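Visitor: The structure under discussion is supplied below as structure tokens; questions concerning it will follow.
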Amino acid sequence: MIDLHTHSTFSDGASSPEQLLIDAQNSGAEVISITDHINVDIYDYLKTIDVEKYYKGKIIKGVEIYCGYKGKQIELLGYGIDTNKLKPFLNKHFEIGVQMKNLQNQFDYLNSVCKNLGIKTNENIKADKSLAFVKPYFKDNIQSYPENEKFFTKEIWENYKKFYRLCICNPESPFYINFCDYYPSVEEVCDAIHNAGGKVVIAHCWLYGFADTMQEVKALIETGKIDGVECYYSDFTQEQTDILIKYCKDNDLMITGGSDYHGINRTCKIASGNNNLNIPNKLLTQFNDNDYFDVNLDKNNDKSFLMNKL
């Protein structure tokens, strides 16, 4: 088994790098990728610990990057990246100060929407340093006032991720935010990953709420900048997985898969997801030796790391 989509506390995961590695070891996954959102800092951290003390398998270097596409936020996975080459791009577009300012602007906008709709909120809510967009605003703010439930469907009220996908990302919703105003374009993200020697994969495409998901997947592929599609995913049905696998095989695209593990933040587990995943090891033939994290090789190639040790 393998799992090419996991998150640690270096982004919005609940598990420390050590706990993530322990969970990976216990899962039986022979290869994982740690794909934290908009940063690759975990790979610097892994150079400072004895990885094999926690996990005996291999790690493919990865990242998950937000981008704006037709007014929506979508995510692209980058694999086999040179993390040092990717950092300038990530720092430019996702520096913490910029992110906090953008997030606060979004919170202020949503407060004004709620006020117009008669929804009670804490208008003084501040952007959270974890950059977890939906949880602080919906789960910790709107849902803290039970009288707000009448404004939302049962599906949205009981699942804050649904609020994000069905309200924030929906142009027909009063809560809609155009993320093209905040994030780099698909083309920019693809170019950055490719310039860092990586491969670009569309993450969990069925989650974005497109009117026609496969039409949008095809449009993204037609840019000529996408290398593959995440076909195995915890929230996909078997039919959705089969459709994507066939499309990738017919178009000579990479096939990847992952649980989107976040530790105790979510129910899915490494490698098995929601007990519906069995991502085949044969997918590893799409990667080469340089795509893997090698603590000794990366230390030798990282001058900044060596300088810090002197």
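Visitor: Whole-Hz Karplus ³J(HN,Hα) for the range 227-236, in order, using 6.51 cos²θ - 1.76 cosθ + 1.60 and θ = phi - 60°, x for Gly and Pro?
Guide: Working through the residues one at a time gives 9, x, 9, 6, 9, 9, 7, 4, 9, 8 Hz.
Visitor: Suppose a student asked you for the relative contact order of the range 214-277, using Cα pairs under 8 Å spaced at least 6 residues apart; what percent would you report?
Guide: Values: 79 pairs, mean separation 19.6, N = 64.
Here the relative contact order equals 31 percent.
Visitor: Provide the per-residue ³J(HN,Hα) series for the range 47-53, in order, calculated from phi with Karplus coefficients 6.51, -1.76, 1.60 and θ = phi - 60°, each as a whole number of Hz, with x at glycine and proline positions.
Guide: 6, 9, 10, 8, 4, 5, 5
Visitor: Hey, got a sec? Which trypsin sites (Lys or Arg not before Pro) in the range 29-98 land in a DSSP loop and have at most 11 other Cβ atoms within 10 Å? Walk me through the numbers before you get to the answer.
Guide: On the way: sites: K47, K53, K56, K58, K61, K70, K72, K85, K92; in loops: K47, K56, K70.
Within the range 29-98, the qualifying trypsin sites (Lys or Arg not before Pro) (loop, at most 11 other Cβ atoms within 10 Å) are K56.
Visitor: Once label points are set 7 Å from the Cα along Cα→Cβ at both K150 and K120, what is their separation, rounded to one decimal in nm?
Guide: 1.2 nm
Visitor: Can you flag which of K70/K269; K47/K70; K53/K85; K56/K246; K53/K101; K126/K162 are past 30 Å Cα-Cα?
Guide: Those over the limit are K70/K269; K47/K70; K56/K246; K53/K101.
Visitor: Within 10 Å of each candidate Cβ there may be at most 13 other Cβ atoms; applying that plus a DSSP loop requirement, which GluC sites (Glu not before Pro) in the range 130-226 survive?
Guide: Numbers: sites: E147, E149, E155, E158, E172, E187, E188, E216, E222; in loops: E158, E172, E222.
Answer by residue number: E158, E172, E222.
Visitor: How large is the translational diffusion coefficient of the range 32-119 in µm² per second when you combine the Kirkwood radius over alpha carbon pairs with Stokes-Einstein at 37 °C and 0.692 mPa s? Intermediate values should be presented prior to the final figure.
Guide: Values: Rh = 15.5 Å.
In µm²/s, the coefficient rounds to 211.
Visitor: Okay, next question. Provide the descending list of Cα extents for the chain along its principal axes, expressed in whole angstroms.
Guide: Ordered largest first, the chain gives principal extents of 58, 50, 36 Å.
Visitor: Moving on to the next point. Amide H of V63: which non-local residues (sequence gap of 5 or more, or other chain) have their own amide H closer than 5 Å, using H built in the peptide plane?
Guide: The answer is G78.
Bear in mind these aren't lab numbers, they're just calculated from the coordinates by the rules spelled out. What you see is a predicted model; the values in this text were computed from it and never measured. Counting neighbours? That spans all protein chains shown, and the Cβs are built from the backbone with ideal geometry, glycine included.
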